[in-house]
Structure formats: C-alpha cells, structure tokens
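**Student:** Have a look at the structure that comes next, please.
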Amino acid sequence: MANLIEERAQTARTLDQPAAEILLAVEDIHTFIGQYHILEGVSLHVPRGSITALLGRNGAGKTTTLKSIIGLLTPRTGKVVFDGEEISGRSAFSIASLGVGYVPEHRAIFRDLSVDENLRIAERKRGDLSRRSDLIFELFPDLKRLYKLQGGQLSGGQQQMLAIARALVPDNRLLLVDEPSEGLAPIIIEGIVAALRQLSATMTVLLVEQNFRMASQLADRYYILDDGQNVLSGNMAELIEDRASVTRYLGAV
C-alpha cells in the first residue's frame, strides 16, 4: 500500500495542468430524469492521459453523469466540454464520433451476436477492427479464443471484456467506463485492472466504480458524488489515507 500511495502522489504532482491539458470538463450540470432532479450542479475535470474515478454510493448520480456526458441524457443547465468544444445537447452518435467511447453498466452486449459480430458493429470506419485487433487481443486474449461464440454464451467476466473491447474498436481518445467490476470474481477484476492500466498509456479514462479497492489501484484523481452533488475531490493518494471520508461517503472500510 505504501508503494501505491507513493506512486499516486508522484502522479498527482503532475496533475495541476493548464486548461489546455483538460480533455473533458463538466461544468455545473443539472440533469433531470422525468420530474426528478438527479444531478444538482455536478462539475469535474479530466486531464489528458489520466484515469479519473467518479465515486459514490448507489443512487449518487454517477451513471447519470456519464449519460449526460455521452448524450444519452441532456443536462437542463450547465455544459460539457470535450477537447475545448462544447458538446452539451448533441446526440450520442455525434459525441461518440468525436472520439468518446462508452462502456455501459451491465455490459449491454448483443447476446445473440458472436464476439466477432459484437466487435464489427462497433466500427466507426471500415477497417477499424483490423487496425485495433492486435491491441484488443493483447488485452483480452480470451476473446480471440472465443471469437465465434455468441455473447450470451460468455461468462460474466468475458462479457465485461467484450464490452470494453467494443469501445476500443474505434480510435477513441476518451473512455467512459461504468462499474466494470460489478458482479465479477476477484481474479477477473485483476485482469480488468491490468487492461485499464495498460490502456491509460494511450487513452484518457473516466471510471465509475463502487469497488474502492479497484478504483484506488487505477485512478490518479477522484470525485465523490452524494445525492447528485459534488462533495469531495482531489488526488487519489490523499483519499487512500483519508479513511474517515472513504467510510462516510463510500461505506468502505
């Protein structure tokens, strides 16, 4: 743990970056689902080349934040800026075409399609899968072995690998990942952690995760939401040491 804290501290010292180094900025967004006011002024900044964790208990507004970024929900006020360009109110397709990948909660793969077909339909340009297949199968060698199986025949861990791999087929610059460890065995989680850590060398990641142990192994920075509002943010190295805040807002011990 001491080595992990020092690693995070070293990374954190590089994170006070100028605005040009912020790939994603969410500024005071208010998002409603029907009559329910879910996000009440959420803000966050994601530096290029980082893994930023969005933390909080069930119902805190984490998934709604990701959906507001990718365009599945439209904030009523506030704005979302990607690489200096405001994307608030655009369609999900339009936002994805800018280089934003989304790995939804519960995986949402096509169970009746093969692994191959699930990956091919994620192409944004013809030949995307061919160009990215080496990376995908390096990260998830099981998928190469299971290439012709239907998604519904895969284990939960293999489905999660496929969901992440699908977001890697286009050449995305930002990856939004929602609860990748949910329902998975520890050994599978270790593989997902290793894959996301490797991806962070070439891609910026915004990670929603309730598994604090996993998030603390990966993230450089964090934001905590509670009842749709920001309550705490900073460097992960500091949060690892702040057990009182972890217990208060995340319920982890």
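The values are calculated or read from the model by the stated rules, or taken from the named source; none is laboratory data. What you see is a predicted model; the values in this text were computed from it and never measured. No Cβ is skipped: glycine too gets one built from the backbone with ideal geometry, and neighbour counts run over all protein chains shown. Areas reflect the complete protein model, heavy atoms only, side chains present, ligands, DNA and RNA absent. Shrake-Rupley method; radii C 1.70, N 1.55, O 1.52, S 1.80 Å.
**Student:** Considering only DSSP beta bridges with both partners in the chain, what is the antiparallel share in %, to the nearest 5? It would help to have the intermediate numbers written out before the result.
**Tutor:** Values: 23 of 40 bridges.
In the chain, approximately 60 percent of DSSP beta bridges are antiparallel ones.
**Student:** Further, regarding this structure: Compute the helix-to-body angle for 128-139: its Cα long axis versus the longest principal axis of the chain, expressed 0 to 90° and rounded to tens.
**Tutor:** Approximately 70 degrees, to the nearest 10.
**Student:** Using a/c under 1.5 as the rounded threshold, could you call the stretch 33-85 rounded, prolate or oblate? The axes a ≥ b ≥ c are square roots of the C-alpha gyration tensor eigenvalues, and prolate needs a/b larger than b/c, oblate otherwise.
**Tutor:** Numbers: a/c = 2.25, a/b = 1.32, b/c = 1.71.
Oblate is the answer for the stretch 33-85, as a/c is 1.5 or above yet b/c matches or exceeds a/b.
**Student:** What does the charge count near GLU123 come to, summing +1 for each Lys or Arg and -1 for each Asp or Glu among other residues with Cβ under 14 Å from its Cβ?
**Tutor:** Numbers: positive: ARG120, ARG124, LYS125, ARG126, ARG131, ARG132, ARG166; negative: ASP116, GLU117, ASP128, ASP171.
Once all neighbours under 14 Å are counted, the net charge is +3.
**Student:** Return the carbon/sulfur percentage of the accessible area of the chain, one whole number, probe 1.4 Å, all protein chains in place.
**Tutor:** Details: 5680 of 11780 Å².
In the chain, the share of accessible area belonging to carbon and sulfur is 48 percent.
**Student:** Please state the shape class of the stretch 92-199: rounded when a/c is under 1.5, otherwise prolate if a/b exceeds b/c and oblate if not, all from the C-alpha gyration tensor.
**Tutor:** Values: a/c = 1.44, a/b = 1.21, b/c = 1.19.
Cα axes put the stretch 92-199 in the rounded bin.
**Student:** While we're on this one: Plugging the Kirkwood radius over Cα pairs into Stokes-Einstein for the stretch 37-124, at a temperature of 37 °C and a viscosity of 0.692 mPa s, what D comes out in µm²/s? Please list the in-between numbers first.
**Tutor:** Details: Rh = 14.8 Å.
Stokes-Einstein gives a translational diffusion coefficient of 222 µm²/s.
**Student:** Order of 67-73, 209-215 by packing, highest average Cβ count within 10 Å first?
**Tutor:** Values: 67-73: 21.3, 209-215: 19.4.
My ranking of the peptides, most packed first, is 67-73, 209-215.
**Student:** Treat every Asp and Glu Cβ in the stretch 37-172 as -1 and every Lys and Arg Cβ as +1, leave all other atoms uncharged, and give the resulting dipole magnitude about the Cα centre to the nearest 20 debye. All intermediate terms of the calculation are to be shown ahead of the outcome.
**Tutor:** Values: 19 positive and 14 negative charges, 28 e Å.
Roughly 140 debye, rounded to the nearest 20.
**Student:** So which lysines can LYS148 reach, going by Cα to Cα under 24 Å and dropping same-chain residues fewer than 8 places off?
**Tutor:** LYS125
**Student:** Name the residues whose placed amide hydrogens come within less than 5 Å of the amide hydrogen of VAL103, ignoring near sequence neighbours (fewer than 5 apart) on the same chain.
**Tutor:** The list, which skips near neighbours in sequence, is LEU176, VAL177, ASP178.
**Student:** Straight-line reach from LYS67: which lysines fall under 23 Å, measuring Cα to Cα and dropping same-chain residues less than 8 apart?
**Tutor:** Correct list for LYS67: LYS79.
**Student:** Next up: Let me know the charge dipole size of the chain about its Cα centre in debye, to the nearest 20, where only the beta-carbon of Lys, Arg (+1) and Asp, Glu (-1) is charged. Display every interim value, and only then the final one.
**Tutor:** Values: 27 positive and 31 negative charges, 134 e Å.
The calculation lands at about 640 debye.
**Student:** I need the calculated FRET efficiency for the pair HIS37 and ASP242, taking r as the beta carbon distance and R₀ as 25 Å, to the nearest 0.05. List each step's numbers first, then the result.
**Tutor:** On the way: r = 29 Å, r/R0 = 1.16.
Plugging the Cβ-Cβ distance into 1/(1 + (r/R0)^6) gives 0.30.
**Student:** Further question: What are the ³J(HN,Hα) values, in whole Hz, obtained from phi via the Karplus relation 6.51 cos²θ - 1.76 cosθ + 1.60 with θ = phi - 60°, for each residue of the stretch 145-151 in sequence order, with x given for Gly and Pro?
**Tutor:** 5, 9, 3, 9, 6, 6, x
**Student:** Moving on to the next point. Which whole-number percentage describes the relative contact order of the chain, with Cα contacts under 8 Å and a sequence gap of 6 or more? Mind showing how you got there, number by number?
**Tutor:** Working: 469 pairs, mean separation 71.0, N = 253.
Relative CO of the chain lands at 28 percent.
**Student:** Please give the calculated 222 nm ellipticity per residue for the chain, where each DSSP H segment of at least 4 residues contributes -39500 (n - 2.57) and the sum is spread over every residue; nearest 500 deg cm²/dmol? All intermediate terms of the calculation are to be shown ahead of the outcome.
**Tutor:** Working: 11 runs with 97 residues, N = 253.
Value at 222 nm, helices only, nearest 500: -10500 deg cm²/dmol.
**Student:** List the residues, sorted by chain then number, that are 5 or more residues from GLN229 or on another chain and whose placed amide H is less than 5 Å from its amide H.
**Tutor:** Those qualifying (amide H under 5 Å, at least 5 residues apart or on another chain) are GLU40.
**Student:** Compute the helix-to-body angle for 156-168: its Cα long axis versus the longest principal axis of the chain, expressed 0 to 90° and rounded to tens.
**Tutor:** The answer is roughly 80 degrees.
**Student:** List, in order, the whole-Hz ³J(HN,Hα) value for each residue of the stretch 42-57 obtained from phi through the Karplus relation with A = 6.51, B = -1.76, C = 1.60 and θ = phi - 60°; use x for Gly and Pro.
**Tutor:** After applying 6.51 cos²θ - 1.76 cosθ + 1.60, I find 6, 9, 6, 10, 10, x, 4, x, 10, 10, 10, 9, 10, 10, x, 6 Hz.
**Student:** Which cross-chain or sequence-distant (5 or more) residues have an amide H under 5 Å from the amide H of ALA53, H modelled 1.01 Å from N in plane?
**Tutor:** LEU207, ASP220, ARG221, TYR222, TYR223
**Student:** From the phi of every residue in the stretch 59-73, what ³J(HN,Hα) in whole Hz does the Karplus formula 6.51 cos²θ - 1.76 cosθ + 1.60 yield, where θ is phi - 60° and glycine or proline is x?
**Tutor:** Calculated HN-Hα couplings, in order: x, 6, x, 5, 5, 4, 5, 4, 5, 6, 6, 7, x, 6, 10 Hz.
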